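Coordinate-derived values only; no laboratory data. Treat the numbers as computed from the prediction; the structure is a model and nothing was measured. Note: ideal-geometry Cβ built from the backbone for every residue, glycine included; neighbour counts use all protein chains shown.
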Amino acid sequence: EEAYEKGAPIKEICVFEAPSPKGVKADFVLWAVVRPDLEVFKNHGEVNIKEVLRERLNDVSRTLPASSRIMGFSLTMEELPRTTLGKLKRFEIKDRYGPDKEGEDARLRERPEATEEDRELMGSENAQKIIAQLKKHFDIKKDIHPGDSLELDLGVDSLGRIELISCLEKAFSVRLRDEVVGEAFSVKDLVSRVENFLKSPEASTAAQDVEQKQGENYWKDLFSVPPQKENLEKIDLSPGLFELVVGILFFVPIYIFFKLFYRLKVEGKEHVKDIKGHILYANHTSYFDGLVLGVSLPGAPRLDMFFMGFRIFFDVPIIRRLIRVGRIIPIDMSSHLTEALRSSYYVLKNGKNLCIFPEGLRTMDGEIKEFKKGFGILAKESGAKLVPVAIEGAYEAWPRTSRFPRLHPIKVRFGKPLDVKDLEKDPGKDEDNYSVICDGAREALEKLKEVKE
């Protein structure tokens, strides 16, 4: 909310979870109720309030992780209801101004009328191929407008972009650069980028029969390409004495802090004592999760543990120096998820451990949500053992809905390593092995969380 307030001409904004629009593959989306600053529009002589807000909110979305981007908004000229202490009454706001749960149109923001240039661009043979792939692969029933945002309007998330690359490569029989799709924001932008790439000299050298690589070897081939040099430089597989000492000095006071104030208790350390090249996956409940899990590990596995982190949180000069010490892989998960998966695969194949929160988002109610498909892809293609980690009490200590933490006992329980092959089974009609792996791993984590002393 703070980011959108700073980047758009609005007086108030309230963001909450809402059921996803029809034709969008997601259980829920982030929705915003916005009260615009009419004085700003008047001073600039601007009357297209909705369209200007749409553009500005989209601009802010580009700077945020995918999990923090709103996927629609409603407008009101009234002051948003607040408590006597000034806090937003979120449930009342959601009921009064939220999207219509029954009608698709109420969820969709107004679209500007397509220009002659837009109609010409979208009428090309290549554009029609792209639209056909979007509709087919993402099960989109509504008409696609050139101004539609891939993410906000069509529900194409970061993993979906990788799958979209796969579809387009097959449709055009050419190997696309990740940036062509990964950095496209709207349908019009995507079409223009693909058109320009197909006209470039690079396309003539990249043209090939890619159909055989769209099957079971597609992801393996994708991971066989090493991470980019700038990311490899941030992955320290063999830290020196200085990094090891600094790492120990960093974790010890944090461990003492959680032990004293949150009565941190760790169970199942024997399951992670001698692990190499494993994926530790945990339920995402709190702002504390990464730190709590890190200090709960035994010494050797902790030094071999890498964490995935959003680049936006670590692209600060002072913090950037601590990335190698903290074993953090800073990745733009929204537009460069391919690179994130490659870096993760690289770490695992070099015998290091990786910590992942497969839900992506911190839970709103403490319950374990659906795992992202990228987790299943990485698990299957890397062949890494999976270690479920149940974090209890962290949600009560510092949930995502609370601005400040509060004291509450925290417990971390490590489960027995799981073999991906044991989680696989024949997928159903609407499933694939990656989704089945996600479901099996989630079920194992839920059982571990339910274990009583």
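What dipole magnitude, in Debye to the nearest 20, does the stretch 120-187 give about its Cα centre under +1 on Lys/Arg Cβ and -1 on Asp/Glu Cβ? All intermediate terms of the calculation are to be shown ahead of the outcome.
Working: 9 positive and 13 negative charges, 64 e Å.
Using only the charged Cβ atoms, the result is roughly 300 debye.
Based on the mean of other Cβ atoms within 10 Å per residue, sort peptides 68-74, 279-285, 143-149 so the most packed one is first. The partial results should precede the final answer.
Values: 68-74: 22.1, 279-285: 26.0, 143-149: 19.0.
Taking the mean over residues of other Cβ atoms within 10 Å, the ranking is 279-285, 68-74, 143-149.
Given N residues in the stretch 227-298, what is Rg(Cα) / (2.2 N^0.38 Å)?
On the way: Rg = 14.5 Å, N = 72, 2.2 N^0.38 = 11.2 Å.
Dividing the Cα radius of gyration by 2.2 N^0.38 Å gives 1.30.
What length, rounded to one decimal in nm, is gained on full extension from Thr76 through to Lys136, with 0.36 nm per residue of separation minus their alpha-carbon distance?
So the chain would gain 18.1 nm between Thr76 and Lys136.
Exceeding 18 Å between C-alpha atoms, which entries from my cross-link table qualify? They are Lys136/Lys380; Lys416/Lys447; Lys220/Lys421; Lys269/Lys452; Lys220/Lys349. Numbers along the way, then the final one.
Values: Lys136/Lys380 25 Å; Lys416/Lys447 12 Å; Lys220/Lys421 16 Å; Lys269/Lys452 16 Å; Lys220/Lys349 12 Å.
Among Lys136/Lys380; Lys416/Lys447; Lys220/Lys421; Lys269/Lys452; Lys220/Lys349, the Cα-Cα distance tops 18 Å for Lys136/Lys380.
What ratio of Cα Rg to 2.2 N^0.38 Å holds for the stretch 343-453?
Details: Rg = 15.2 Å, N = 111, 2.2 N^0.38 = 13.2 Å.
In units of the 2.2 N^0.38 Å rule of thumb, it is 1.16.
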